[in-house]
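Reading through the structure tokens given below for one structure.
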Amino acid sequence: MVLELYLDLLSQPCRAVFIFAKKNNIPFIIRSMEMLKGQLFSEEFNKVNILRKVPVLKDGDFILEESTAILLYLTRKYNTPSHWYPPDMKKRARVDEFLAWQHSNLRPCAAKILWLRVVIPLFLGQQIPSEKVQDALEELNISLQKLDEKFLQDRPFIIGSEISLADLVAITELMQPMGAGWDVFDGRPKLLEWRKRVEMALGKELFMEAHARILNAQELKNITIDPPLKAQMKPVLLKMLK
Ligand SMILES: N[C@@H](CCC(=O)N[C@@H](CS)C(=O)NCC(=O)O)C(=O)O
């Protein structure tokens with residue numbers, strides 16, 4: 001039975017899973033989900049994941065959520081090249097360390113900007129006060145500095161000379177429109193060189209295939225949100241802005 005992956009490529013964890021599966025020639029069927037069209041609320045998806053989140057992996061009757069768990073499952077089931085998740089105990093621990101750190105640092109900071117710049121304006125039809133965006137950019141800057149100084153240091157990739165799951169997860173977090181001409185890599189030449197190496201290691205074509213939608217600012221502006229979802233989210237988002 002072929003593996004099924006429920007993904008929306010607007011989502012960072014989905015992009016990481018998508019790139020990993022494709023890069024490693026893992027056969028899968030993509031069950032394309034569109035969060036903004038309310039598809040996570042369908043009856044059909046509810047049977048797969050009552051948490052109504054993507055990504056989800058379905059391998060026969062085995063269903064798995066959480067991108068980190070999915071990536072690790074794929075490395076083990078398909079015995080992917082060891083550089084992704086090295087057998088060496090200390091290198092592996094470094095990948096684990098990064099995967100744990102990013103969930104409460106880089107990811108929420110980058111996601112917040114996406115919400116402020118793209119998602120909330122789409123839902124509420126209004127721009128966000130610039131101080132809010134500025135605060136979020138400053139938080140992201142702190143995380144970027146940690147990525148640079150603690151995790152990357154002077155190595156070509158986060159844990160050494162080869163790409164691992166840590167680089168894959170990090171790059172998918174940073175490839176999103178930050179808005180107002182702000183570029184994550186501006187003034188960070190080391191991170192820029194790292195980004196180029198990661199892109200090359202993954203393959204430019206696959207990299208762009210995964211990021212085409214999220215980087216298409218015009219398309220993002222024209223998305224029509226599912227009306228019931230819009231009504232449901234509006235009070236939550238207004239509260240967020242207070
Ligand atoms: N920790 C989870 C995060 C999953 C997650 O939050 N997915 C988001 C998209 S990035 C989602 O499905 N959101 C829909 C919702 O919350 O309604 C992972 O890494 O897989």
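Condition check for residue 104 on (1) closer than 19 Å to residue 211 by Cα; (2) within 13 Å of the ligand (Cβ to nearest atom); (3) free of Cβ contacts under 8 Å to residues at least 24 places away in the same chain: one failure, at (1).
Of all residues in segment 114-129, those that are farther than 14 Å from residue 36 by Cβ have Cβ atoms under 9 Å from Cβ atoms of residues that are of a type in the set (S, T, N, Q), 6 or more apart or on another chain, in 117/176.
Of all residues in segment 55-94, those satisfying the criterion of being away from the ligand (no atom under 15 Å from the Cβ) and either assigned to a loop (DSSP other than H, G, I, E, B) or β-branched (Val, Ile, Thr) (or both) are 60, 61, 75, 78, 79, 80, 81, 85, 86, 87, 88. Tell me, which residue of segment 16-37 that is farther than 19 Å from residue 225 by Cβ and within 9 Å of the ligand (Cβ to nearest atom) is surrounded by the fewest Cβ atoms within 10 Å (Cβ to Cβ)? Among those residues, the one meeting the criterion is 16. Here residue 40 qualifies as farther than 29 Å from residue 161 by Cα and within 11 Å of the ligand (Cβ to nearest atom). Screening residue 52 with (1) part of a helix (DSSP H, G or I); (2) surrounded by fewer than 18 Cβ atoms within 10 Å (Cβ to Cβ); (3) in contact with a helix residue (DSSP H, G or I) (Cβ under 7 Å, 6 or more places away or on another chain) gives one miss only, at (1).
Each reported figure results from applying straightforward, stated rules to the coordinates on display, with no laboratory input. Keep in mind that what you see is a predicted model, and the values were worked out from it rather than measured. When we count neighbours, we look across all protein chains shown, and the Cβ atoms used for this are built from the backbone with ideal geometry, even at glycine.
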